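Read the structure below first, then the notes.
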Amino acid sequence: MDLARLVDLEVQLQRDDRALAEGRANELEARDAAIGGALLAQGGRLDAATAMGRQQLAAAWLDALGETGPRLGHRATHALRVAAWLLGLAAGLVGIGAARATLAYDGQQPVNVFGFLAVLIGLQMVLLAAMVVALLRGGDSVAARLVAWAARRWPGGHAALGAGQIAGRLQLHAAAERWHLFALNQRAAIAFNLGALATCLYLVVFTDLAFGWSTTLELGAEQMHRLCGSIAAPWRQAWPDAVPSLELVRDSQWTRMPGRFTTGAALPTAVQQSGRWWSFLVAALLVWGLLPRLLAWAFAAHRARRTLANLPLDDRRCAALFARLLPPAAAWSGPAPEAIGLPAAARLGNDRARPVPAVAHVATWLLCWGRLQPRQDAVRDLVARSTGTDPVGVGAVGGSALADDAAAVARLAAAQVQRVLLVLSAGTQPTKDVLELLATLRQRLGPRAHLGVALLADANGQLAPADAAELRPWQARLDRLGDANLGVERLEVPGHA
Amino acid sequence: MPDAGSVEPPTFVVVGNVNQGKSSIVAALTEDASIPIDAMPGTTQRAAEYAFRSGDEVVFRVVDTPGFQRARHALAWLQRHSRSVADRRQTLVEFVRVHAEDPAFVDEVRLLRPILAGGSHIYVVDASAPFEPTAEAEMEILRWTGQSGMAVLNRTRERDHGREWRPILTQFFHLVRDFDAHAATFADRLDLLRAFREVRDEWRAPMQRAVAVMEREWHERTHRAAAAIGGLMVQALAHVEKRPLAAAADAGAEAAARAALATAFAAALRAMEQAARREVERLHGHRGLEAVEDQLALLDADLLGAASFEAFGLTRPQLLRRGLLWGAATGLAVDAMAGGTSLGLGAAIGAGIGGAAAWFGTPRLADVWDERGPLAKVLLPGAVGRFVAAGPLADPRLPWVLLDRALVHARAVRRRSHARRDALDLQGSRQGLVATMPKAWRDDVDAELRALVRAARTGKVAASPPTRLVERLQQALAAP
């Protein structure tokens with residue numbers, strides 16, 4: 001993941017957070033499920049178990065968001081690049097200025113080697129060391145602190161909490177930010193050193209310079225020579241001319257009061273010897289100024305890339321994103337409900353329940369369905385107790401043989417029966433099989449014959465009227481046939497609730 | 001028909017008379033709460049195939065079917081057209097061909113097709129209704145398919161005719177299993193799938209794998225649910241609500257702001273709780289529960305109400321110990337802010353106050369402070385001007401109540417069958433869960449919650465819940 005992607009990711013997560021707060025969770029789920037599905041269809045391997053997998057997934061997600069996604073990342077990195085160049089330019093100018101200041105020669109006093117070393121080498125080394133210590137100590141995100149600082153100047157209380165959230169997110173990437181800032185800093189330092197180096201070479205080549213050394217410290221020429229030798233240790237073998245000799249050091253010692261070399265040599269002599277000093281100073285600037293910065297910059301750039309590449313993306317918001325994006329490793333898939341079932345409007349849950357009328361107290365023929373056939377007497381007795389009228393006759397239908405159904409219907413038709421009650425066991429469903437029998441009865445008995453359906457439950461071997469809930473599907477089903485003389489009837493037996 | 005060389009995944013065709021609970025069983029098995037289920041017979045009008053995938057691979061399929069409507073008539077046709085036992089399957093194929101467009105046998109054709117294509121049948125009967133001769137015709141037709149199958153006894157009502165059904169079913173099927181689609185838990189679903197392994201020898205290995213994949217996925221889901229609840233705790237324990245005050249605000253205005261603050265704080269906690277619940281429901285495929293939220297029985301009791309405190313969270317003796325620790329944790333934060341100069345006095349005083357409050361006190365949401373308080377600099381460094389703020393939570397009772405409610409809700413959701421279309425039933429959850437967990441578990445969770453409070457009071461809010469807390473919550477969710 002690069003910086004631009006990370007910025008875009010954070011911006012989009014912030015947008016999504018706002019959408020969640022506005023109650024648009026379903027919208028986000030639908031969007032991300034569709035993106036996840038499309039990624040799967042493209043044959044991409046979707047994996048949120050590893051940091052790399054999560055990064056690839058986040059990048060693919062941002063790509064899939066396309067036009068609707070954020071575009072801030074590229075602008076931000078571009079701005080950062082411009083800022084880096086500007087910073088580099090500024091640092092280069094400062095380097096030039098610093099070199100000019102430390103190498104300023106007015107013909108009255110030689111350039112103090114100490115000043116050059118202190119400003120262009122010593123100070124840089126101290127700053128670099130301080131920065132490395134700060135880097136290793138870690139700490140809060142600078143950007144998060146900037147956001148908090150900005151929030152202090154923001155009117156209104158809630159802004160502070162919003163800023164807190166943003167700062168919290170920035171804090172997650174504090175390590176990446178530290179390395180990026182460090183690398184940026186090193187680039188500026190390189191520009192500073194290059195500026196200083198170029199200035200140094202320019203002044204040496206195109207102007208006369210006289211070098212000397214002067215200090216208020218108790219430092220003799222031998223000690224100064226040893227100090228220079230230590231500084232020059234890295235290039236002593238490769239560039240021996242850039243190591244000041246003891247003689248040169250002794251000859252170059254300058255006293256401010258009364259303003260002369262301790263050996264009594266004149267400034268023009270020092271100018272002639274300047275070539276032996278400038279090579280030392282340039283080498284020192286290269287090795288102790290520029291080189292550490294180049295190394296630090298290379299290391300920081302590498303760490304910045306690595307930190308970004310290893311971003312865990314395992315915080316709460318990312319986890320929620322991946323949960324929306326990725327189907328579970330194992331999952332069921334099936335058709336949409338509307339493709340397989342009755343329309344919701346046709347279901348019983350949408351049917352208005354109405355009271356089921358009791359079985360009429362009139363002469364009735366009974367037809368016992370299926371398993372009630374062998375219990376015809378019990379059914380007859382129950383119906384008689386319920387209606388106070390003994391059934392006129394009893395027939396059997398719904399058995400194994402269809403011929404028995406036809407025979408029963410033929411018998412009723414021959415007797416010109418005008419009222420039939422079909423009794424079934426509770427739990428028997430209004431299948432086409434049963435409805436077809438009722439249709440045949442209607443056809444054979446004529447439109448004025450009364451056809452009723454009743455259900456009996458078997459409770460521990462005893463027959464009892466079925467409860468209203470079991471009658472309801474029958475009632476709804478028969479109602480849809482549009483037969484005014486056909487309906488469900490409720491058996492009422494004294495002693496039964 | 002599949003190619004001779006290709007290996008088709010096991011396919012189980014759920015058949016039976018109408019309204020026997022076939023779709024309920026399929027809904028429970030496939031965790032699909034959107035499958036149409038209704039008391040109206042014939043709700044399922046077309047065969048619907050549900051594939052269980054592991055990655056891109058289909059491990060097995062379940063096919064829901066419309067159900068037999070005219071089995072006696074179909075069997076009569078078959079018997080008329082079959083000359084011998086040897087041609088029965090071919091006669092069935094012929095039946096499907098002849099009646100492909102016949103509205104009289106549309107349901108039989110639709111349910112037989114996937115079986116003739118190689119699926120095994122799962123014959124579902126409602127054991128709350130007695131055996132009917134029609135069922136014999138259905139089973140006979142299934143026998144004619146020549147495919148192996150099994151029978152499942154479902155129950156849609158209190159009545160039980162299972163004893164009557166069993167000896168009949170065993171004449172047609174070598175496997176008969178009970179499965180209550182409306183009360184089926186994950187373990188019940190796995191048991192049924194294990195039974196599916198026995199239907200055909202060649203399907204044993206893929207079904208074994210399916211069971212393993214489902215167990216793994218369930219474990220992962222448990223982890224995600226625990227992480228969602230953990231996230232709720234992180235969010236809730238760190239929450240700070242703030243109300244600005246005018247520079248010249250008098251005592252009355254400040255009191256009004258404090259009252260508004262308490263309301264807003266409670267509303268924010270409830271919103272967080274609701275969001276975590278939705279996430280747990282989403283993970284378990286129970287999105288529809290949102291519509292029945294008003295009927296959430298005890299869970300609907302106000303999060304901050306007395307009933308909630310009595311039903312959820314820890315018992316009083318458990319609370320006393322926690323109160324001491326929580327008070328000490330809060331006091332430690334004060335010590336830390338004082339740079340240690342208080343010599344631990346904050347922790348000692350905090351422990352005393354916390355213990356006493358846990359035993360005697362009435363629940364309070366959170367500390368209320370203003371821009372001069374020590375928490376202002378730590379928690380709201382960007383805030384300017386006068387304000388009052390509340391948070392983070394410090395009373396041990398509220399986090400435990402919040403956690404317990406989340407666990408009870410999650411447990412109810414996890415145990416809920418996808419065949420149910422009613423409100424989330426919490427009759428078995430009249431009391432909370434945490435008080436019944438082992439002491440070591442409570443100690444661990446309490447330590448994690450206290451660590452979250454400490455972090456929250458120093459302004460260091462974690463981006464995700466601590467691993468140890470998630471592990472403990474996972475244990476609680478997985479507990480039987």
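Need one number for region B:11-199: average projected area of the convex hull over its C-alpha atoms, nm². Could you put the intermediate results ahead of the total?
Values: hull surface 43.2 nm².
It is 10.8 nm².
Rounded to whole Å, give me the distance from the Cα center of region B:6-57 to that of region A:206-244.
Here the answer is 90 Å between Cα centres.
Which FRET efficiency, nearest 0.05, do A:Val392 and B:Val93 yield, Cβ-Cβ r, R0 35 Å? Please list the in-between numbers first.
On the way: r = 47 Å, r/R0 = 1.33.
The formula returns an efficiency of 0.15 here.
Report, ordered by chain and residue number, the lysines lying within cross-link reach of B:Lys460, taken as a straight Cα distance under 28 Å and ignoring same-chain residues fewer than 8 apart.
By straight Cα distance, B:Lys460 reaches B:Lys242, B:Lys377.
Can you tell me how region A:72-319 classifies by the Cα gyration tensor, rounded, prolate or oblate, using a/c under 1.5 as the rounded cut?
Numbers: a/c = 2.93, a/b = 2.59, b/c = 1.13.
It is prolate, given that a/c is not under 1.5 and a/b is the larger ratio.
Tell me which residues come under 5 Å, amide H to amide H, from A:Ala396 once H is placed; ignore anything under 5 positions away on its chain.
Those lying under 5 Å, H to H, from A:Ala396 are A:Cys368.
Where Lys and Arg each count +1 and Asp and Glu each count -1, what net charge lies around A:Leu219 among other residues with Cβ under 13 Å from its Cβ?
Values: positive: A:Arg226, A:Arg250; negative: A:Glu218, A:Glu222.
The answer is 0.
From the gyration tensor of the Cα coordinates in region A:5-155, what semi-axes in whole Å does the equivalent ellipsoid have, largest first, with each one equal to sqrt(5λ)?
Working: eigenvalues 509, 67, 50 Å².
After diagonalising the Cα gyration tensor, the semi-axes are 50, 18, 16 Å.
What nm value, rounded to one decimal, do you get for the distance between A:Thr255 and B:Ala247 when each label is placed 7 Å out toward the C-beta?
6.6
With a cut-off of 8 Å between alpha carbons and a minimum separation of six or more residues, what is the relative contact order of region B:79-180 in percent?
On the way: 116 pairs, mean separation 26.9, N = 102.
Dividing the mean separation by the residue count of region B:79-180 yields 26 percent.
Give the shape of region A:356-488 as rounded, prolate or oblate, defined through the alpha-carbon gyration tensor: a ≥ b ≥ c are the square roots of its eigenvalues, a/c under 1.5 means rounded, and otherwise the shape is prolate if a/b is larger than b/c and oblate if not. Numbers along the way, then the final one.
Details: a/c = 1.25, a/b = 1.15, b/c = 1.09.
Cα axes put region A:356-488 in the rounded bin.
State, in square angstrom and to the nearest 100, the accessible area buried between chains A and B, both chains counted, probe radius 1.4 Å. Don't skip to the answer; put the middle values down first.
Details: alone 27220 and 21870 Å², together 43920 Å².
In total, this chain pair buries about 5200 Å².
Tell me the net charge near A:Leu486. Cut-off is 10 Å between Cβ atoms, A:Leu486 excluded, with +1 for each Lys or Arg and -1 for each Asp or Glu.
Details: positive: A:Arg442; negative: A:Asp479, A:Asp483.
It works out to a net charge of -1.
Please report the spacing between the Cα centers of region A:437-497 and region B:156-228 in Å, no decimals.
Value for the Cα centre distance between the two parts: 36 Å.
What net charge do the residues around A:Ala34 carry, taking every other residue with its C-beta under 12 Å from that of A:Ala34, with Lys and Arg at +1 and Asp and Glu at -1? Intermediate results must be reported in sequence, preceding the final value.
Working: positive: A:Arg31, A:Arg324; negative: A:Glu27, A:Glu29, A:Asp32.
Neighbourhood net charge equals -1.
Roughly speaking, what is the stretch gain from B:Ser148 to B:Ala435, that is 0.36 nm per residue apart minus the C-alpha to C-alpha distance, in nm to one decimal? Intermediate values should be presented prior to the final figure.
Numbers: separation 287, 0.36 × 287 = 103.32 nm, distance 4.91 nm.
Full-extension gain reported as 98.4 nm.
Could you work out the relative contact order of region B:11-199, using alpha carbon pairs under 8 angstrom and six or more residues apart, expressed as a whole percent? The partial results should precede the final answer.
Working: 326 pairs, mean separation 45.3, N = 189.
Computed value for region B:11-199: 24 percent relative contact order.
Using a basic spin-label model with each label point 7 Å from the Cα along Cα→Cβ, how many nm lie between A:Glu218 and A:Leu80?
Going by the 7 Å Cα→Cβ label model, 5.3 nm.
Run the quick spin-label model on A:Ala439 and A:Ala30: label points 7 Å from Cα toward the beta carbon, then report their separation in nm to one decimal.
Label-label distance for A:Ala439 and A:Ala30, simple model: 4.1 nm.
The values are calculated or read from the model by the stated rules, or taken from the named source; none is laboratory data. Computed from a predicted model, the values in this text were never measured in an experiment. Because the Cβ atoms are built from the backbone with ideal geometry, glycine has one as well, and the counts that use them run over all protein chains shown. Just so you know, the surface numbers come from the protein's heavy atoms only, side chains and all, with ligands and any DNA or RNA stripped out. Shrake-Rupley method; radii C 1.70, N 1.55, O 1.52, S 1.80 Å.
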